[in-house]
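Have a look at the structure below, then the notes.
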């Protein structure tokens with residue numbers, strides 16, 4: 001099988017592993033290889049095109065939900081490190097990609113396959129002198145020495161927890177241990193906490209690019225994880241409790257949520273797919289943790305332990321705390337503004353800046369700085385008055 005055919009198979013196989021903004025079709029290159037090139041949002045706000053691919057789809061694990069599981073009948077193929085590095089270098093030189101997301105199924109042991117991935121990353125850094133973004137997946141069960149080396153090569157590392165606890169994980173991946181998955185995550189946190197370290201990377205000198213020593217911040221984009229939502233009968237409460245703990249204890253950069261979709265020829269092929277609205281609500285709650293200062297106890301769950309579908313998590317919090325509203329926009333602190341539906345981090349910052357120059361007196365004033373004024377209207381005062389066009393506090397729009 002030639003390299004182009006491998007890209008088709010292993011690019012498609014990588015679609016189940018989420019990284020950054022890879023769930024969107026927008027911005028993808030429209031050709032055969034470009035189907036596996038994804039626009040991804042970086043921590044600094046930049047967007048880069050990532051080649052998202054597996055080193056191999058041959059897996060010795062038998063996770064019930066996985067398209068690459070050992071018990072499934074399909075063709076198994078793998079890249080050699082030099083082959084993958086050469087492919088990426090060609091795409092990079094053609095201007096098609098700026099970064100790499102590399103994961104793999106586990107074949108011949110997690111450490112062996114992880115070493116193959118590291119070899120490809122080393123070739124990119126040292127032979128092809130690539131200094132751009134690399135995201136490496138840490139394979140469960142790989143030696144911690146592999147994690148240390150991955151931290152020297154990659155900008156971001158991730159290990160998929162898949163489920164929020166050992167009990168839930170055992171239902172879909174009996175060969176994995178939840179606490180063992182947390183061990184490399186703890187090591188990555190310790191590596192990040194070290195700060196700047198001396199490392200060998202290609203640097204641009206007078207005579208072009210060459211390997212030399214420099215001070216770098218390892219894993220500068222942090223570590224992430226992914227949950228498969230709906231496969232193990234877990235509740236949103238369980239998922240968000242674990243997510244909040246990961247942010248607090250392991251300094252997680254991002255959590256990703258993948259709504260379970262049944263795969264033919266797997267034990268869960270007849271299980272109904274998880275509604276995408278559930279995945280969407282989890283991302284909204286996660287955003288409240290990362291950008292709005294919400295705590296786990298701030299989230300509102302229904303009697304089944306799930307986030308309500310009728311309102312987003314921020315609106316649900318506001319509706320259950322009428323004693324805190326309305327908020328005077330011209331006097332409120334940043335924290336108080338961020339609790340108002342329709343006001344986000346950017347619009348809150350603009351409010352704090354612009355009200356030094358004058359007072360906000362109308363919904364139009366809020367709309368001009370990017371707030372969703374009609375959404376905020378039931379929860380605010382503008383210069384001591386309720387906005388003239390206002391819904392009742394309990395009649396917030398269902399969107």
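Out of all the residues in segment 45-61, is one or more out of contact with any strand residue (DSSP E or B) (no Cβ under 6 Å at 6 or more places or on another chain), within 14 Å of residue 100 (Cα to Cα) and at pLDDT 90 or above? Yes, because at least one residue in segment 45-61 is out of contact with any strand residue (DSSP E or B) (no Cβ under 6 Å at 6 or more places or on another chain), within 14 Å of residue 100 (Cα to Cα) and at pLDDT 90 or above. Any chance segment 322-333 includes a residue that's crowded, with 16+ Cβ neighbours inside 10 Å and under 19 Å from residue 283 (Cβ atoms)? No. If you go through segment 117-132 and keep only what is out of contact with any helix residue (DSSP H, G or I) (no Cβ under 7 Å at 6 or more places or on another chain) and under 18 Å from residue 104 (Cα atoms), you end up with just 117. Remark: residue 123 matches the filter, which requires a residue to be out of contact with any strand residue (DSSP E or B) (no Cβ under 6 Å at 6 or more places or on another chain), surrounded by fewer than 20 Cβ atoms within 10 Å (Cβ to Cβ) and without any contact (Cβ under 8 Å) to a residue 60 or more places away in the chain.
Residue-level check: of (1) touching a residue at least 60 places away in the same chain (Cβ under 8 Å); (2) more than 23 Å from residue 241 (Cα to Cα); (3) out of contact with any strand residue (DSSP E or B) (no Cβ under 7 Å at 6 or more places or on another chain), residue 349 misses just (1).
Quick one: would you say residue 360 is within 30 Å of residue 260 (Cβ to Cβ) and part of a loop (DSSP other than H, G, I, E, B)? No, not satisfied.
Check 276, 282 and return the single one that is touching a strand residue (DSSP E or B) at 6+ places or on another chain (Cβ under 7 Å) and surrounded by fewer than 20 Cβ atoms within 10 Å (Cβ to Cβ). Unique residue meeting the criteria: 276.
Looking at segment 99-115 only, could you name the residues that are surrounded by fewer than 22 Cβ atoms within 10 Å (Cβ to Cβ) and assigned to a helix (DSSP H, G or I)? Hits for segment 99-115 are 110, 111, 112, 115. Taken over segment 139-155, the criterion of being within 22 Å of residue 14 (Cβ to Cβ) and touching a helix residue (DSSP H, G or I) at 6+ places or on another chain (Cβ under 7 Å) is satisfied by 139, 140, 141, 142, 146, 147, 149, 150, 151, 153, 154. Against the list (1) over 17 Å from residue 68 (Cβ atoms); (2) in contact with a helix residue (DSSP H, G or I) (Cβ under 6 Å, 6 or more places away or on another chain); (3) surrounded by fewer than 23 Cβ atoms within 10 Å (Cβ to Cβ), the condition residue 193 fails is (2).
For segment 222-245, the candidate set comprises residues that are surrounded by fewer than 20 Cβ atoms within 10 Å (Cβ to Cβ) and in a loop (DSSP other than H, G, I, E, B); within that set, the residue that is nearest to the chain's Cα centre (by Cα) is 222. Against the definition (modelled with pLDDT under 95 and under 24 Å from residue 103 (Cα atoms)), how does residue 201 come out, yes or no? Judged against the criteria, residue 201 is a match. Within segment 73-93, the set of residues being closer than 13 Å to residue 51 by Cα and either assigned to a loop (DSSP other than H, G, I, E, B) or under 26 Å from the mean Cα position of the chain (by Cα) (or both) comprises 84, 85, 87, 88, 89, 91, 92.
Looking at residue 263, is it outside the structural domain of residue 69 (by TED's automatic domain parsing), surrounded by fewer than 19 Cβ atoms within 10 Å (Cβ to Cβ) and not in a strand (DSSP E or B)? Against the criterion (outside the structural domain of residue 69 (by TED's automatic domain parsing), surrounded by fewer than 19 Cβ atoms within 10 Å (Cβ to Cβ) and not in a strand (DSSP E or B)), residue 263 does not qualify.
Each residue in segment 258-272 was checked for being within 17 Å of residue 307 (Cβ to Cβ) and in contact (Cβ under 8 Å) with a residue 60 or more places away in the chain, and 2 pass.
The values are calculated or read from the model by the stated rules, or taken from the named source; none is laboratory data. Computed from a predicted model, the values in this text were never measured in an experiment. Here the Cβ is made from the backbone with ideal geometry for all residues, glycine too, and neighbour counts use every protein chain on show.
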